[in-house]
Amino acid sequence: MPTVKKARPMTGSTRSKLITWGLIVGALSAWEVGVRVGNVPPYLLPAPSLILRTLIQNLSTYLQASLITFGEALLGLLIGTCVGVLIAILVTFWPGLEHGVMSLAILVKSTPLVAIAPLLTIWLGFGWQPKVIITALVTFFPVLVNVLVGLQTITPSLLDLFHAWQANRWELLWHLRLPHSLPYVFAALKVSTPLALIGAIVAEWTGASGGLGRLMWLAYTNLNLPHLFAAIFILATAGMLLYQVTTQAEKRLVFWYTSS
Amino acid sequence: MDVHLKDLTFLYPNHDQPVLQGLTLDIPSGQFVAIIGQSGCGKSTLLRLLAGLLHPTQGQITFNGAVSNGRSRIHTVAWMAQSPALLPWLTAYQNVALALRFARNGTPPLMSPEEALSRVGLGDYIHEYPQHLSGGMQQRVALARLLVQGASIWLMDEPFSALDELTRENLSNTLLDLWQWLKPTILWVTHHIYEVVRLADRILVLSPRPAQIAADIGVELPRPRDENHPRFATYVTQLRKSLFHANGQESASNDWFNT
């Protein structure tokens with residue numbers, strides 16, 4: 001007797017992925033059709049197919065520029081994260097510093113990026129240094145604020161336990177405060193990773209010898225919109241990928257937080 | 001290890017009324033002491049003072065005649081609270097091993113984390129994370145953590161009060177077994193009168209703030225204790241009367257007792 005194979009029901013995750021990809025493909029198709037039917041000139045809005053062709057034809061240029069920009073963004077993010085975590089630890093150890101440090105941090109955070117970037121370019125030149133500094137400046141604040149909450153909001157019963165064990169401040173930091181603040185680090189990284197790309201691009205727009213920001217600036221001044229959109233496409237894709245990497249790392253490293 | 005409190009007074013900063021005032025008490029080594037009293041009377045404060053989590057405003061706490069301060073205190077007193085206070089990023093084994101790491105003082109430990117977890121009935125769950133364990137199992141891990149410390153005084157602040165009746169009884173039986181095996185001095189804060197009479201050697205009834213010892217009742221019932229023993233009910237009644245008396249009330253009706 002022939003056996004009948006039952007179709008496996010679609011899981012929630014598969015359905016969600018299908019919907020996401022369906023929306024992306026639908027939006028790109030609508031864009032393509034709209035540009036072709038409406039005869040929109042490429043210097044106003046290039047069709048996705050033209051953007052893709054431009055990207056493929058200039059792949060090595062974009063790859064080289066991407067390496068520079070992502071390198072600056074990731075280095076800046078690393079420095080910003082480390083500085084944010086270190087300042088949060090200092091403030092936790094010496095609460096008297098909190099008011100002064102937070103005032104200074106808010107001052108840095110409130111100063112427009114576009115105002116600082118040209119100054120750094122004048123002082124440090126067209127190399128990677130001003131971009132890394134700008135990226136670190138925009139990324140350290142979310143890390144500082146989140147990690148500070150993570151280090152300071154420990155359940156009183158856990159603090160009692162460590163105090164009953166006569167733990168010193170370093171033991172308390174290593175065994176309790178730092179692991180407890182890990183979910184907060186990842187919450188901050190989800191915000192600061194896209195900010196790192198923005199920081200690097202804005203800094204490159206103010207003067208750079210390479211990078212995606214420079215390519216975008218050149219394309220913008222020549223009204224070469226296919227090139228500009230190709231760079232935007234790379235940045236958007238990289239932002240999504242970095243977010244996914246952060247989320248996956250969070251699931252692995254902070255498993256106890258997501259599952260509890 | 002003997003515990004001696006001499007003229008112990010504790011006042012929270014910016015408060016007028018002390019929580020404890022002039023408390024003097026001797027607890028011989030190996031005694032199972034229950035501390036009972038109205039909510040907020042200072043039972044937990046007394047335990048926190050003994051654990052070194054608070055410092056007396058006046059008076060002195062000595063263990064075997066000596067003042068214990070700093071790192072050595074972990075070898076003298078072990079602390080267990082209502083919340084199991086387990087680190088969620090560590091397995092049951094790692095949580096217990098961390099306590100052992102803090103308690104290590106050059107001498108061989110009393111037992112390994114595996115042995116401690118087996119003793120409390122969690123031998124098959126040593127690699128589980130706390131969030132995968134029930135409330136009762138989490139408190140068992142906390143009990144295993146207390147065991148590996150090798151301390152001779154156990155301070156227990158309502159450790160089983162958040163658990164259901166059956167789990168609480170099972171855990172208190174485990175605690176009784178461990179006490180009979182190791183004979184630590186136990187100071188145990190609770191609100192459960194039956195449990196107190198079933199487990200303790202001595203019951204201290206505290207008065208409302210500032211806390212004084214309103215009654216000091218020795219329980220002289222053979223172990224294992226039977227709740228149907230006629231003297232068991234006598235102790236329960238005596239304890240209830242003492243509680244009411246400590247709070248300035250005449251006595252309670254039997255209806256109230258039975259609720």
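Taken together, the values in this text are just the output of simple stated rules run on the coordinates, not laboratory data. These numbers come from a predicted model, not from an experiment. Quick reminder, even Gly has a Cβ in these numbers, built from the backbone with ideal geometry, and neighbours come from all protein chains shown.
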Problem - From the options A:Leu86, A:Leu97, A:Leu44, A:Leu63, residue that is surrounded by fewer than 16 Cβ atoms within 10 Å (Cβ to Cβ), more than 21 Å from A:Ile133 (Cα to Cα) and within 24 Å of the chain's Cα centre (by Cα) - result: A:Leu63
Practice task
Filter the helices (runs of 4 or more DSSP H) completely within the stretch A:175-260 down to those with at least 1 residues that are away from every other protein chain (no Cβ under 14 Å).
Solution key: A:178-205, A:212-221, A:225-253
Practice task
Confirm whether A:Leu23 is part of a helix (DSSP H, G or I) and either within 30 Å of A:Pro183 (Cβ to Cβ) or free of Cβ contacts under 8 Å to residues at least 12 places away in the same chain (or both).
Solution key: yes
Practice task
Sort through A:Phe140, A:Phe126 and tell me the only one that's within 18 Å of the chain's Cα centre (by Cα) and either under 22 Å from A:Ala187 (Cβ atoms) or of a type outside the set (Lys, Arg) (or both).
Solution key: A:Phe140
Handout entry: Tally, over the stretch A:169-199, of residues that are farther than 22 Å from A:Pro95 by Cα and hydrophobic (A, V, I, L, M, F, W, C)
Key = 8
Exercise for the section: Having 3 or more residues that are farther than 25 Å from B:Ser112 by Cα is the bar; report the helices (runs of 4 or more DSSP H) wholly within the stretch B:129-213 that clear it. Expected result: B:165-182, B:193-199
Exercise for the section: Scan the stretch A:153-172 and report the pairs whose first residue is facing chain B (nearest Cβ under 8 Å) and whose second residue is part of a helix (DSSP H, G or I) and among the charged types (D, E, K, R), with Cβ atoms within less than 7 Å and a gap of 6+ or a chain change. Expected result: A:Gln166/B:Arg71; A:Gln166/B:Arg73
Exercise for the section: For the stretch A:222-236, indicate whether the set of residues that are surrounded by fewer than 17 Cβ atoms within 10 Å (Cβ to Cβ) and in contact with a Phe, Trp or Tyr (Cβ under 6 Å, 6 or more places away or on another chain) is non-empty. Expected result: yes
Handout entry: Long-range neighbours under 9 Å by Cβ, at least six apart or interchain, first residue within 14 Å of B:Ile203 (Cβ to Cβ) within the stretch B:28-51, second in a strand (DSSP E or B) and of a type in the set (D, E, K, R)
Key = B:Gln31/B:Arg202; B:Phe32/B:Arg202; B:Val33/B:Arg202; B:Ala34/B:Arg202; B:Lys43/B:Asp157
Completion exercise
For the stretch B:37-62, the count of residues that are under 24 Å from B:Val196 (Cα atoms) and either in contact with an Asp or Glu (Cβ under 7 Å, 6 or more places away or on another chain) or in a loop (DSSP other than H, G, I, E, B) (or both) equals 7
Exercise for the section: Run B:Arg104 past the list (1) exposed (fewer than 15 other Cβ atoms within 10 Å of the Cβ); (2) without any contact (Cβ under 8 Å) to a residue 12 or more places away in the chain and report the number of the one that doesn't hold. Expected result: (1)
